[in-house]
Amino acid sequence: MVINTGTSRSIVGHAISGAIIGGMLSGIYEFSQYKQGNTSKNKALKSALKATLEGGIITASGIAATNALGNTSKNPLRNTLEATACIALGLASVYGISQLINTKLTSQKEK
């Protein structure tokens with residue numbers, strides 16, 4: 001065990017919580033931008049969806065990394081490698097979502 005992180009936490013439960021919080025905050029922000037005329041309805045919805053997905057992924061990868069670090073049944077090196085892999089997977093997922101949504105937004109502008 002590298003760090004005493006306490007009891008293991010539910011990754012899925014925290015992913016849902018992160019997605020809800022990300023969706024609420026980005027939804028409020030994007031709605032205000034839409035009402036002020038700074039963005040289109042379609043772009044605001046896509047940006048809110050992107051933030052919702054990213055919020056869930058970031059929260060899930062953080063909780064998974066914390067659970068990996070606090071696992072007492074494995075040695076510290078393995079815990080650290082698993083935590084690093086969880087963070088790397090989260091980063092790659094967020095990057096992929098960002099590229100996918102940005103590509104969709106760009107291709108729709110060209111039409």
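The values are calculated or read from the model by the stated rules, or taken from the named source; none is laboratory data. Worth saying up front: this structure is predicted, and the values here are computed from it rather than measured. Heads up, the Cβs are rebuilt from the backbone with ideal geometry, glycines too, and the neighbour counts pull from every protein chain shown. Please note that ligands, DNA and RNA were not included when accessible areas were found on the heavy atoms of the full protein model with its side chains. Shrake-Rupley method; radii C 1.70, N 1.55, O 1.52, S 1.80 Å.
LYS74 is checked against (1) closer than 24 Å to ALA15 by Cα; (2) open to solvent by 40 Å² or more (accessible area, probe 1.4 Å); (3) not aliphatic (A, V, I, L, M) and fails just one. What number does that condition carry?
Status for LYS74: all satisfied but (1).
Only one of these is touching a helix residue (DSSP H, G or I) at 6+ places or on another chain (Cβ under 9 Å) and without any contact (Cβ under 8 Å) to a residue 40 or more places away in the chain: ALA92, ALA60, ALA65. Name it.
Exactly one residue qualifies, and that residue is ALA65.
Report yes if some residue within the range 52-63 is among the β-branched types (Val, Ile, Thr), at pLDDT 95 or above and open to solvent by less than 30 Å² (accessible area, probe 1.4 Å); otherwise report no.
Yes, that holds for at least one residue.
Are there any pairs, at least 6 apart or on different chains, whose C-beta atoms fall under 6 Å, with the first in the range 30-47 and at pLDDT 95 or above and the second aliphatic (A, V, I, L, M), and if so, which?
GLU30/ALA44; GLU30/ALA48; TYR34/ALA44
Could you tell me which numbered condition GLY13 fails, if it satisfies all but one of (1) more than 20 Å from the chain's Cα centre (by Cα); (2) without any contact (Cβ under 8 Å) to a residue 24 or more places away in the chain?
Just one mismatch for GLY13, condition (1).
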